[in-house]
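Engineer: Can you read through this structure? Questions will come right after.
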């Protein structure tokens, strides 16, 4: 490439807006991409609004050629991730990159070098990514599954980005899967017996969440999550501020009968969240609420008829995870949600994930319900 690549460090609100818009322009070029709400994307990179920045710092960059934006990247450090055991993926000296977009491999390499230089200046000795920007947001680079639209809160990237990242010296450290499920199909007789056995157990209650008590319910769910996922690769605990923030953000898409909490002897021990795929309506309004997109969004939120469903999160307290009851609770919650999704909302398809490749319990559950991997994301790492 003859033209010189310039790298701009973003330092203000206007710059963050341009950073988001560069990403939106790249997404618009990609087949099957779904435009997200710009206001939500702006909030994610705003230190004044996203509580992630209460324990993290970041530097955003935009690449230019002759004044034209041709790429972007983030470099960021999560202080809580630095405190995690290295065997769980992060640990001392580990910084991250995310939001990678580029017109060419040369531009991508320049952006990655710039992110690495910033992390070195901050004292980091290792880089992991892409993670945009928290592990709880959009981790991983899509390496398989570009042939169909992503579901709610999942990233969508060109297939060639993987080779560019690998050519920059990165190696794969973890694969994340999403699983596709025909929710109109009956479960096997064995699973049906497992569920019926649980339903006869007087100690077990599987109930919908209570939206009128959503703040309390969200805190309960995220308390279980922090315990259930604490030994998983890539785990970083959610803070109280993040719990509150997440609860507010999720509330508009929460339908009580699609989200379950399982109790044993009256104590909440497991949960399963299910979100109707808002991408269905975002694709119709082109990611814009104004002037009339808000009307379509509100109507869809009231009853997302025919929507695909995503199970982004589930968890069982660690004290139950090695017991037969753990899988029983999962199958009971899946069965209850599946019945409502098909009967009340007319849904035919569900998606589970992301799921770590070595999360044996969740992989076994996904296999047992005869779901199939439909997307694969890779997280890479490199020494600095």
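What follows draws every value from the coordinates through simple rules; no lab data is involved. Source: prediction; values computed, not measured. Positions of Cβ are generated from backbone atoms using ideal geometry, with glycine treated the same way; all protein chains shown enter the neighbour counts.
Engineer: Using only Cα atoms, locate the centre of segment 105-152 and the centre of segment 348-380, then give the distance between them in Å, rounded to an integer.
Structural biologist: 22
Engineer: Moving to a separate point now. If you build a Gaussian network model of the chain, linking Cα atoms that sit under 10 Å apart, which residue out of 96, 333, 124 swings the most?
Structural biologist: Judging by the Gaussian network model, the answer is 124.
Engineer: Divide the volume of the convex hull of the Cα atoms of segment 150-299 by its number of residues and quote the answer in cubic angstrom per residue. All intermediate terms of the calculation are to be shown ahead of the outcome.
Structural biologist: Numbers: hull volume 30.3 nm³, N = 150.
Per residue, the Cα convex hull of segment 150-299 comes to 202 Å³.
Engineer: In degrees, nearest 10, range 0 to 90: what is the angle between the Cα axis of helix 240-250 and the longest Cα principal axis of the chain?
Structural biologist: Rounded to the nearest ten degrees, it is 80.
Engineer: Something else now. Suppose only helical runs count, i.e. DSSP H with n ≥ 4. What mean residue ellipticity at 222 nm does that imply for the chain under -39500 (n - 2.57) per run, divided by all residues and rounded to the nearest 500 deg cm²/dmol? Walk me through the intermediate numbers first.
Structural biologist: Numbers: 12 runs with 137 residues, N = 384.
Helix-only estimate at 222 nm: -11000 deg cm²/dmol.
Engineer: Defining a contact as two alpha carbons under 8 Å apart and six or more residues distant in sequence, what relative contact order in percent does segment 6-176 show?
Structural biologist: Numbers: 270 pairs, mean separation 32.1, N = 171.
RCO, segment 6-176: 19 percent.
Engineer: If you don't mind, another one. If you fit an axis through the alpha-carbon atoms of helix 189-200 and take the longest principal axis of the Cα set of the chain, what angle between them do you get, 0 to 90°, nearest 10?
Structural biologist: 70
Engineer: Given labels modelled 7 Å from the Cα in the Cβ direction, how far is it in nm from residue 113 to residue 384?
Structural biologist: 1.7
Engineer: Moving to a separate point now. Residues of segment 2-36 with the amide nitrogen closer than 18 Å to a label point 7 Å from the Cα of residue 106, along Cα-to-Cβ, please.
Structural biologist: 2-8
Engineer: Give the average over all directions of the projected area of the C-alpha convex hull of the chain, one decimal, in nm². Don't skip to the end; give the middle numbers.
Structural biologist: Working: hull surface 74.5 nm².
Seen from a random direction, the Cα hull of the chain projects 18.6 nm² on average.
Engineer: In addition: Within segment 353-384, find all residues whose amide N lies under 18 Å from a label point positioned 7 Å from the Cα of residue 182 along Cα-to-beta-carbon.
Structural biologist: It comes to 366-375, nothing else.
Engineer: Considering the chain as a Gaussian network with a 10 Å cut-off on Cα pairs, which listed residue, 212, 284, 13, attains the greatest mean-square fluctuation?
Structural biologist: So, out of 212, 284, 13, the one fluctuating most is 212.
Engineer: If neighbour count is taken as other Cβ atoms inside 10 Å, put 255, 148, 76 in order from fewest to most.
Structural biologist: On the way: 255 21, 148 12, 76 27.
Least crowded to most crowded, the residues run 148, 255, 76.
Engineer: In percent, what relative contact order does the chain have, based on Cα pairs under 8 Å that are 6 or more apart in sequence? Please report the intermediate quantities before stating the final value.
Structural biologist: On the way: 711 pairs, mean separation 83.5, N = 384.
Value for the chain: 22 percent.
Engineer: Here's something else I'd like to know. Evaluate the distance, in nm, between pseudo-label points positioned 7 Å from the Cα of residue 265 and of residue 212 along their respective Cα→Cβ axes.
Structural biologist: 3.0
Engineer: What distance in nm separates the two pseudo spin-label positions at residue 190 and residue 66, each 7 Å out from Cα along the beta-carbon direction?
Structural biologist: 6.4
Engineer: Using the Kirkwood formula over every pair of different C-alpha atoms, what hydrodynamic radius in Å results for segment 6-176?
Structural biologist: Working: mean 1/r = 0.0616 Å⁻¹.
Its Kirkwood hydrodynamic radius stands at 16.2 Å.
Engineer: Using a Förster distance of 25 Å, how high is the FRET efficiency between residue 24 and residue 171, based on the Cβ-Cβ distance and rounded to 0.05?
Structural biologist: E between residue 24 and residue 171, to the nearest 0.05, is 0.25.
Engineer: Here's another thing I want to ask about it. Which whole-angstrom value gives the distance between the alpha carbon centres of segment 19-34 and segment 155-184?
Structural biologist: That distance is 17 Å.
Engineer: So if R0 is 25 Å, what FRET efficiency would residue 251 and residue 344 give, r being the distance between their Cβ atoms, rounded to the nearest 0.05? Don't skip to the end; give the middle numbers.
Structural biologist: Details: r = 19 Å, r/R0 = 0.77.
Working from the Cβ atoms, E equals 0.80.
Engineer: Counting only C-alpha contacts under 8 Å and six or more residues apart, can you give the relative contact order of segment 143-257 as a whole percent? It would help to have the intermediate numbers written out before the result.
Structural biologist: Working: 42 pairs, mean separation 22.6, N = 115.
After rounding, I find 20 percent.
Engineer: Calculate how steeply helix 13-29 sits against the longest principal axis of the alpha-carbon atoms of the chain, using the helix alpha-carbon long axis, and give the answer as 0 to 90 degrees to the nearest 10.
Structural biologist: Here the helix axis deviates by roughly 70 degrees.
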